[in-house]
1. Points 7 angstrom from Cα along the Cβ direction at residue A:75 and residue B:150: gap in nanometres?
2. Can you give me the C-alpha center-to-center distance between the stretch B:311-331 and the stretch B:352-376, rounded to a whole angstrom?
3. In degrees from 0 to 90, rounded to the nearest 10, what is the angle of the helix A:18-37 Cα long axis to the longest principal axis of chain A?
4. If you average the C-alpha positions of the stretch B:4-60 and of the stretch B:139-184 separately, how far apart do those two centres end up, in angstrom?
5. What does the helix-only formula give at 222 nm for chain A: each DSSP H stretch with n ≥ 4 adding -39500 (n - 2.57), the total divided by the residues, and the result rounded to the nearest 500 deg cm²/dmol?
6. So, in nm, how far is label residue A:45 from label residue B:247 when the simple model puts each one 7 Å beyond its Cα toward the Cβ?
7. Would you compute the Debye intensity of the protein assembly as shown from its alpha-carbon atoms alone, equal scatterers and no solvent, and pass along log10 I(q)/I(0) at q = 0.06, 0.11 Å⁻¹ to two decimals?
8. Which of rounded, prolate, oblate describes the stretch B:255-321, given a ≥ b ≥ c as roots of the alpha-carbon gyration tensor eigenvalues and a/c under 1.5 marking rounded, otherwise prolate only if a/b is larger than b/c?
């Protein structure tokens, strides 16, 4: 079995209103349950807004902190799921189902070493 | 002997690689082992003679090389490695490898390159030339694609039924490119590499068997068969190309034509026309005793509507020349400026239209430009010959032939 990171990329800015987000999150929950039932699910997490992030670098033994996310863009990592799958086809099936639930958000499927 | 080994390399390389990948699950290892086996063949066959089953010899030798390599390099117990003693070919080996090479998670350009490399056994240089990119760029493209297959876990198998329709389009596109590489090689001495067209046809047949309800797969097979049927008439005994209009039609392969036409009729009846089916229909018209150019032009109109590319527009112009004359056709060709200096066929078509319009000096120049761009030597000779013929008509002083042209 291989493991894959399914990253959810979403546009910066406020989340959709509850009446839009509610059904989407319910469907995502169902998908996660299905993954767990089949032994696919390894770990999943939703992330707070990118502004809540702190970047830390070492400079001569001293930590230097920067407020905000590592990359500034129009989109950011909103959450992720780690799954285990037989091969990329199986991982892409799950990624495709996640993309359908979260449309029009993009899902990046990336193999874990 | 060396040409014979090269022929066997072309015909058997992909099969051998496919078998070894199934057994060892490692593309690099499979390729290196098969290449090693051919190096050994070049050294040993001249004294031993070519074995009764060259492919079997290559596969066995490559397998032994791969096992030796794994014993040296890997932490796997030697016993496990040695357990891979007897193996043979499975009918789906090539098809599995094709679906891996044509996986939608790979960029389209990588799919084509990888299939030509692994299935066709083309060198990186040949593939680079065919796609007009520098060789290091192509080498990097192929190497990245192999790494992605390994790291991302792109499976080595024929997709399950539900995924097949989606995966088919990419496979057909790649097969047609392989066929074209065989039909009009990008380099070398030959006008056609029949083992490549034969391999493309063999794979297309497999795809048709696997997906009997896909009219485009049948359309592609029909297209290949109808083009292939003219091969015996396409070249002179000396290997020079012969234009369609000048071909001896009694040399055409009637069996291939019959099979191709039956396929065209069958798939068009399904009422789901696509680019391959229409191109097959065009070639079916060409296989009639006398080409009905109006019908050909109508089919090209349909094809251009579905596939609005410069290549289709150029071929449509050839049909327009037959129906409306060379003047209107030349205007179409002249609008396709993006092909100038890049596609030798554009210059060939333009040259012939200029010739028919009574402009021999310009036509000769176009034939020379086409010859510069043509990838294979026979075609270059032919085009330079046509240029020389036109020089006489244009009253140009005789000039010595280029030194690269061998004497007849």
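Quick note: the coordinates plus some simple rules give every number you see, no bench work behind them. If you're wondering where the values come from, they're calculated on a predicted model, not measured in any experiment. No Cβ is skipped: glycine too gets one built from the backbone with ideal geometry, and neighbour counts run over all protein chains shown.
1. Placing both labels 7 Å beyond Cα along the Cβ direction yields 2.9 nm.
2. 16 Å
3. 70 degrees
4. Distance between centres, Cα-based: 22 Å.
5. -10500 deg cm²/dmol
6. Taking the simple label geometry, residue A:45 and residue B:247 are separated by 6.5 nm.
7. -0.40, -1.10
8. Oblate.
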